[in-house]
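The values are calculated or read from the model by the stated rules, or taken from the named source; none is laboratory data. Predicted, not measured: the structure shown is a model, and the values here were computed from it. Here the Cβ is made from the backbone with ideal geometry for all residues, glycine too, and neighbour counts use every protein chain on show. Areas reflect the complete protein model, heavy atoms only, side chains present, ligands, DNA and RNA absent. Shrake-Rupley method; radii C 1.70, N 1.55, O 1.52, S 1.80 Å.
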Amino acid sequence: MEENADVSPPEEPENEVVARLPIEYFPGGAYSQCTCYCHRVKNNEEETAHSSDCPTYETEWTWDESMNCENTGLSKSNLEVMFHKHFSNGTAAIRGSTPLREGQHYWEIKMTTGVYGTDMMVGFGTEAVNLQSAANKFTSLLGLDSESWGYSYTGNLIHNGVKRKISQSFGHGVVIGIHLDMWLGRMSVFRNGKFLGVGFSSGIRGKEIYPMACSTAARTGMRIVRSSSFPTSLQFMCCQVLRNSLPADKDVSESIFIPPGLKLFLINNLDWLLRPYSPKEVSGTVTKLRKRGVRCEPKGGCSEMKRARSDVTDQKN
């Protein structure tokens, strides 16, 4: 029965990527060290884990304590949420403490426990989303209607009841990043620092948005790793153009000369945009984006800004 599937967590698989392993625990592989992740490439497969030396990022918002209920428990200054402390008989959900309006927003959510059950999701929605509407029902809550957008652990993007596969499933220790561009009304998804693609590009612009998360599974948790907002500046747009102009396997901050002070600022604030994408992931992403009409550079760098500039021109006209 479905209810039984969400009652107790499964055993952790042996090949699960364990969070916060020191770099020296990964012998014999090729590494690319960035500000937050340690990557190992071995046998043509990439594994990613948080380094024990990861910096502590600022969090501009946390989980909303006022939305806490009997099926959710907040801890660690409201950065961590535990869903269904004892058992589950439905879907529990939580939202961020601050609404996101104009500008750019980026946040990362880490899966702190096993990931299983009917669904565990991260995403966002408007104030109209009733977080208690499925308290007694197992469902993929985020994305059921036009007021919410969700990314499921099964790899599906869901909005207005429509599912679309964007990646493989994810599990314990994985960090999901979400970039919400309110200027263009677009959401992009990252997994362990790697760009997966543009998730949603309609119905977002002009709305007041809250980050959200939900789970149907007992004793499951998520933690906000970072949450930041910044204006749509010329500096940010230049970084987007640079990222899209360079080969996908190149780190922007290391590929061109940037004055030391500016370089440090960009690494501390836009590392998620500047870091390289693995060739394997980019190959699949490029194929998907081309099918959606996104032009890509010959060397593999996806040129999202080309479509973005086109969108802006259309809006002005």
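What are the residues whose amide H is under 5 Å from the amide H of Lys137, where those residues sit 5 or more places off or on another chain and H is modelled from the backbone?
Counting only residues 5 or more places away or on other chains, the set is Thr91.
Between Lys85 and Glu127, 0.36 nm times their residue separation minus their Cα-Cα distance comes to what?
Using 0.36 nm per residue and subtracting the Cα-Cα distance, I get 12.6 nm.
Need one number: nm distance between label points at Arg101 and Phe265, each 7 Å from Cα along Cα→Cβ, rounded to one decimal.
Modelled inter-label distance: 2.5 nm.
Going through the range 83-183, which chymotrypsin sites (Phe, Trp or Tyr not before Pro) have at most 14 other Cβ atoms within 10 Å and a DSSP loop state?
Loop-located and lightly packed - Phe87.
Subtract the Cα-Cα distance of Asp145 and Phe230 from 0.36 nm times their separation in residues, and report this length gain in nm to one decimal.
Additional length available on full extension: 27.8 nm.
Using the beta-carbon distance between Asp249 and Lys165 and R0 = 22 Å, what value does 1/(1 + (r/R0)^6) give for FRET efficiency, to the nearest 0.05?
Result of the calculation: an efficiency of 0.35.
List the GluC sites (Glu not before Pro) in the range 75-138 that DSSP assigns to loop (not H, G, I, E or B) and whose Cβ has at most 15 other Cβ atoms within 10 Å. Which are they?
Glu102, Glu127
Starting from the range 207-272, pick out the chymotrypsin sites (Phe, Trp or Tyr not before Pro) whose DSSP state is loop and whose Cβ has at most 16 other Cβ atoms within 10 Å.
Loop-located and lightly packed - Phe257.
Keeping all protein chains in place and using 1.4 angstrom, which order do Leu142, Leu242 fall into by accessible surface area, from largest down?
Leu242, Leu142
Given 20 °C and 1.002 mPa s, compute D for the range 184-234 with the Stokes-Einstein relation, Rh being the Kirkwood radius over Cα pairs; round to the nearest whole µm²/s.
Calculated translational D: 154 µm²/s.
Let a ≥ b ≥ c be the square roots of the eigenvalues of the Cα gyration tensor of the range 102-156; is it rounded (a/c under 1.5), or, if not, prolate (a/b larger than b/c) or oblate?
oblate
Principal axis lengths of the range 95-232 from Cα atoms, whole Å, largest first?
39, 31, 27
Using the structure shown, select from Lys110/Lys194; Lys137/Lys163; Lys85/Lys137; Lys194/Lys263; Lys85/Lys163; Lys85/Lys110 the pairs with a Cα to Cα distance greater than 23 angstrom.
Table pairs above 23 Å Cα-Cα are Lys85/Lys163.
Please arrange Lys207, Lys250 by accessible surface area, largest first, computed with a 1.4 Å probe and ligands excluded.
From most accessible down to least: Lys250, Lys207.
Roll a 1.4 Å probe over the protein heavy atoms and report the accessible area of Val162 in Å², nearest 10.
100
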